[in-house]
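K.L.:
Next up is a structure, given as C-alpha cells.
The values are calculated or read from the model by the stated rules, or taken from the named source; none is laboratory data. On a predicted model such as this, the values are computed, not experimentally measured, just so you know. Neighbour counts run over all protein chains shown; Cβ positions are idealised from the backbone, glycine included. Surface accessibility is based on the protein's heavy atoms, side chains included, excluding ligands, DNA and RNA. Shrake-Rupley method; radii C 1.70, N 1.55, O 1.52, S 1.80 Å.
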Amino acid sequence: MSVTPRIAVILGSTRDSRFGETPAKWILERAQARDGWDVEYLDLKDFDLPLFNEVASNAWAPSEDTKAKAWQEKIGQFDAFIFVTPEYNRSITGALKNALDQAYVEWNRKAFGIVSYGSVGGTRAAEHLRTIGIELQMVSTRSAVHIGGSDFFAVHPLGGQSKPISEIEGSIGGSADAMLDELDWWTRATMAARS
C-alpha cells in the first residue's frame, strides 16, 4: 500500500472527434489541486487494447496478450480511479467496457468516481458503470459529475459554441468537490482494508 493515494483519471473515449479530453483535463486539475494525492491521467487511446479475447477473466486465468498484461500492470499501480465517460446509446463506451474487462483483480476493492456527459448528463452511462464496478468488487462514490442539458451544449461543439468548461463550474463544481471528497474517504478506507 502506498502512503499517498494514487488516483488515475481514465478518459473512456477513444474517438478522434471526442469531447472527453475537456472534462477529463478539468477534473484532473481539480484532483491534482487536492493535498495528499498523487494523480495521473490515463488515456485509453494510448494503450491500444485489443478486444477482450482471453480464455477467461484474469481472476481465473492469467492473460496472454501483452497489451492486456501491460494495462493490468498499469492500473494495478493505483488505489482509486475517476472515470470520464460519455453516454453512448444509454451506456458507457465500448472502449471503456473493454478496458474494464481486460482486468479484474487489479480493480478489486478500490474506489471510483465518475464524470459523465451527454444531453442527459451521461446519467445512464454512470449507472451502468456503477453496476460494472460492483461486479469488479469496486466502491463507487455516491456523488458524480453530470454535464448535461444546456451546460453540455454550452461547452460541446454540437451546441454551436464552445465555451470553456470554467463557465459552467457554477453548475458542476459542487458535485465535483463532493465526488472528490467521497473518493478520498473511500480510497483511504479501502487502502486501509487492503493492507
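K.L.:
Please report the net charge: other residues with Cβ closer than 11 Å to the Cβ of Y41, K and R +1, D and E -1. Before the final figure, lay out each step's value.
P.N.:
On the way: positive: K25; negative: E21, E29, E40, D43, D46.
Neighbour charge sum, excluding Y41 itself: -4.
K.L.:
If the only charges are +1 at each Lys and Arg Cβ and -1 at each Asp and Glu Cβ, what is the size of the charge dipole of segment 1-128 around the Cα centre, to the nearest 20 debye?
P.N.:
It comes to approximately 320 debye.
K.L.:
Could you work out what % of the accessible surface of segment 54-153 is carbon and sulfur, using a 1.4 angstrom probe and leaving DNA, RNA and ligands out of the count?
P.N.:
The nonpolar share, carbon plus sulfur, comes to 53 percent.
K.L.:
Using the charge dipole of segment 1-140 (Lys, Arg: +1 at Cβ; Asp, Glu: -1 at Cβ; taken about the Cα centre), state which of T93, A61, I75 has its Cα farthest towards the positive end.
P.N.:
So the residue furthest toward the plus end is T93.
K.L.:
How about segment 15-87: which trypsin sites (Lys or Arg not before Pro) there are in a DSSP loop, with at most 12 other Cβ atoms within 10 Å of their Cβ?
P.N.:
Filter output for segment 15-87: R15.
K.L.:
Further, regarding this structure: Rg and Dmax of the chain, using alpha carbons, in Å: what are they?
P.N.:
16.1, 50
K.L.:
Starting at the first residue of segment 167-183, write each ³J(HN,Hα) from the Karplus equation 6.51 cos²θ - 1.76 cosθ + 1.60 with θ = phi - 60°, in whole Hz, x for Gly and Pro.
P.N.:
3J(HN,Hα) across segment 167-183, in whole Hz: 6, 10, 4, x, 8, 10, x, x, 5, 5, 4, 4, 4, 5, 5, 5, 4.
K.L.:
Keeping every protein chain present and rolling a 1.4 Å probe, give me the accessible area per residue for segment 3-143 in Å².
P.N.:
For segment 3-143, the solvent-accessible area averages 46 Å² per residue.
K.L.:
Among residues other than S91 whose Cβ falls under 11 Å from its Cβ, what is the net charge (Lys/Arg +1, Asp/Glu -1)?
P.N.:
It works out to a net charge of +1.
K.L.:
Find out how many positive minus negative residues lie around A125, taking Lys and Arg as positive, Asp and Glu as negative, among other residues whose Cβ is under 15 Å from that of A125.
P.N.:
That sum, taken over residues with Cβ under 15 Å, equals +4.
K.L.:
Please list, by residue number, every one of the chymotrypsin sites (Phe, Trp or Tyr not before Pro) in segment 31-65 that is coil in DSSP and has at most 13 other beta-carbon atoms within 10 Å.
P.N.:
Sites meeting the loop and neighbour criteria: W60.
K.L.:
Now a separate question. Rounded to the nearest 5, what % of the DSSP beta bridges within the chain are antiparallel ones?
P.N.:
Details: 1 of 24 bridges.
For the chain, the DSSP antiparallel bridge percentage is about 5.
K.L.:
Going 7 Å from the Cα of N53 in the Cα-to-Cβ direction, what parts of segment 92-107 have a backbone nitrogen less than 20 Å from that spot?
P.N.:
Residues 94-104 fall inside that zone.
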